[in-house]
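Trainee: Before anything else, here's the structure in question.
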Amino acid sequence: YQDPELSLETIASSNHYSSSYLRRIFKDCRGFSPTDYLMNYRIEKAKEFLKTTQEPAVKICEMIGISNPKYFYSIFKKTVGCTTSDYRKNAAPAGKDSL
């Protein structure tokens, strides 16, 4: 997930499948596309990093395999409903209860 060049075509060809076949069987099994799965996974990892590290969001963007920070900020806000900085401010540290 950390490779910005990761694509369905790359995964399919490395496993000797066509991308359309892999997309179809993935969607049939999971209920969503491999691209949606990858993006959701990356956003979940970003949320985890925002909660557990002090890395700047632009660095987290790179860590999760998204090379365009503007795109990352946009998709994060669309998916999570707030900016990365608001998420970090409002997220309780992992493993700690807020008082």
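The values are calculated or read from the model by the stated rules, or taken from the named source; none is laboratory data. Keep in mind that what you see is a predicted model, and the values were worked out from it rather than measured. Counting neighbours? That spans all protein chains shown, and the Cβs are built from the backbone with ideal geometry, glycine included. When the accessible area is computed, the model is the full protein with side chains, heavy atoms only, and any ligands, DNA or RNA have been set aside. Shrake-Rupley method; radii C 1.70, N 1.55, O 1.52, S 1.80 Å.
Trainee: Normalising by the residue count of the chain, find the relative contact order in percent from Cα pairs under 8 Å and 6+ residues apart.
Mentor: Relative contact order here is 27 percent.
Trainee: Separate question: With all protein chains present and a 1.4 Å probe, how do Glu62, Glu48 order by accessible area, largest first?
Mentor: Glu62, Glu48
Trainee: Let me ask you something else. Rounded to the nearest whole Å², what accessible area per residue is found for the chain with the 1.4 Å probe?
Mentor: I get 70 Å² per residue for the chain.
Trainee: What is the angle, in °, between the Cα long axis of helix 69-80 and the longest principal axis of the Cα atoms in the chain? Nearest 10 is fine, range 0 to 90.
Mentor: 80 degrees
Trainee: Considering only Arg30, Arg88, Arg42, give the residue with the highest GNM mean-square fluctuation for the chain, with springs between Cα atoms whenever their separation is below 10 Å.
Mentor: Among Arg30, Arg88, Arg42, the largest GNM mean-square fluctuation belongs to Arg30.
Trainee: Whenever you get a sec, compute what percent of the accessible area on the range 1-75 sits on carbon and sulfur atoms (1.4 Å probe).
Mentor: 50 percent
Trainee: So, one more: Determine the sum of side-chain charges near Ser14: Lys and Arg each +1, Asp and Glu each -1, restricted to other residues whose C-beta is under 13 angstrom from that of Ser14.
Mentor: Result for the local shell: -3.
Trainee: Let me ask something additional. With runs of 4+ DSSP H residues as the only contributors, calculate the mean residue ellipticity of the chain at 222 nm using -39,500 (n - 2.57) per run, divided by the residue total and rounded to the nearest 500.
Mentor: -19500 deg cm²/dmol
Trainee: Now for a different question. Taking a probe of 1.4 angstrom, what is the accessible area of Thr52 in Å², to the nearest 10?
Mentor: The accessible area of Thr52 comes to roughly 80 Å².
Trainee: Where a ≥ b ≥ c are the square roots of the eigenvalues of the C-alpha gyration tensor, would you call the chain rounded, which needs a/c under 1.5, or, failing that, prolate if a/b is larger than b/c, or oblate?
Mentor: Prolate shape, in that a/c is at least 1.5 and a/b is the bigger ratio.
Trainee: Counting Lys +1, Arg +1, Asp -1, Glu -1, what net charge surrounds Tyr41 among other residues with beta carbon under 12 Å of its beta carbon?
Mentor: Neighbourhood net charge equals +1.
Trainee: Cβ under 14 Å from Tyr87's Cβ, Tyr87 left aside: what net charge do those residues give with Lys, Arg +1 and Asp, Glu -1?
Mentor: +3
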